[in-house]
Amino acid sequence: MLVLFVVVPSSSVLYARAGSSLACTASGAGVAMEQDQDREQVQGEGAGGYEGLLREQAGELNELWVRAGAPSLRVIEKRAAELFADEGVRLAPATLHALFGGTKYAGAEKVLLLVRTLMSWDGPGRRCIPPANDDPVLNAWFERWAAIKRAKPPRQRARGKPDPGIAEIEALLQRGRRLRDEGAIEEAEDYFRSALDRAIASRTRGQEGWAWDGLGSCSWREGHRELALKFFTRADRIADEAGDVLLKAWCLYNFGVYWRRRHKPAVARKFFEQALAVAESCDEGHGVIGWTHHELAEWERDQGNIAQEREHYAAAVRIGLAYRDDVLAGWSLVNAAWCDERAGDAVLAGRNFAHALEVGTRIGHPGIVAKAGEGLARTAGPTNQ
């Protein structure tokens, strides 16, 4: 049996607020990585920065492990598979060894799954019911993981003079995304096509892939699903060629959405699981992870699995709030409230509708505001709005 050495943890501290980010800016001398105030705060708290936070997490995990009776890694792996097979996340011994040793970063899904698995024992050989994915007891664990994610050093990029042509294509892609998200689909398509033409002419395959992805998303929103699939497939091929992990994760997510709409749940589930796995290996994959949880919640609803639906919406809400993806957080809060309402918990539904209304109002999103307001009126009454 592999012996785990218990790491004495430092005092539990919840670090800076969720939602900070690392910004990359280009200068004449090359690409410089800028740290925001949250990361400076995390690294300046005496915890040793990124590595110190990993060790602190490991210490807390080792405490849970001891309280669970110090089960072997294989026993933990088997227990997690028995309890959470439907969630599509596997706790391999190598991952467990790295988490307990504090030597390697792991995605939130694996950290929280390990915590829930260890909490399924209340002593040596004594099994109990583990917490659900949306249990408040996991909030501190998620915030600690988010602090680690914020402190994680960015991947170094090759230094050199930025290509003005590449910057121009990227500007076209960014403009296309903004217009698409604002609902100006035809204008967005013009920008994506311009970016595609220039990317093909300059043989910048990575940006060509993102242009195809943008055109696919526009076609999807216009209701042209088969055309969208062709565009996403081209983007996926280029992601493989260029080694663009983030683009690959989004393509897998898009394939999952397509097949769920085509009423092929098994195929859709497979793509969603692949999207999560790929996104977890990417520094910027939180958007894919959050929206994939949102889609998996709808997938579980289609299968009649209410408890799993609520868990996935709760995960989507946490990620949306942590990374300031307000649209994800707002819609996931609305859907989580609908789950609570169907379950007869009007109080919790009202809280989630109120939170969604606050998010929707802050970002000026009429759809979220309308649905949250309607739900709040049903659950909390007009006098409490």
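Observations on the structure shown:
- Segment I185-K270, length gained on full extension (0.36 nm per residue, minus Cα span): 27.6 nm
- Put L348, L96 in order of accessible area, highest first, and with a 1.4 Å probe you get L348, L96.
- Close amide H contacts of W121 (hydrogens built in the peptide plane, cut-off under 5 Å, sequence separation of 5 or more or a different chain): C128.
- In sequence order, calculated HN-Hα J values of region 122-138 (Karplus, 6.51, -1.76, 1.60; Hz; x Gly/Pro): 10, x, x, x, 9, 8, 9, 7, x, x, 6, 5, 9, 5, x, 4, 8
- Phi-derived couplings, Karplus 6.51 cos²θ - 1.76 cosθ + 1.60 at θ = phi - 60°, listed residue by residue for region 311-328: 5, 5, 5, 4, 5, 4, 4, 4, 5, x, 6, 5, 10, 6, 8, 5, 5, 4 Hz, with x used for Gly and Pro.
- Of the peptides 176-183, 292-299, 55-62, the order by per-residue mean of other Cβ atoms within 10 Å, starting with the highest, comes out as 292-299, 55-62, 176-183.
- Model label points for A343 and I363, set 7 angstrom from Cα along the Cα-to-Cβ axis, are 2.4 nm apart.
- Solvent-accessible area, 1.4 Å probe, carbon plus sulfur percent, for region 319-385: 58
- Set K78/K110; K104/K149; K152/K270; K110/K264; K264/K371 screened for pairs whose C-alpha atoms are more than 20 Å apart: K152/K270; K110/K264; K264/K371
The values are calculated or read from the model by the stated rules, or taken from the named source; none is laboratory data. Note that this is a predicted model, so its numbers are computed, not measured. Methodologically, a virtual Cβ is constructed for each residue, glycine included, from the backbone with ideal geometry; neighbour enumeration extends over all protein chains shown. These accessible areas exclude ligands, DNA and RNA; they are computed on the full protein's heavy atoms, side chains included. Shrake-Rupley method; radii C 1.70, N 1.55, O 1.52, S 1.80 Å.
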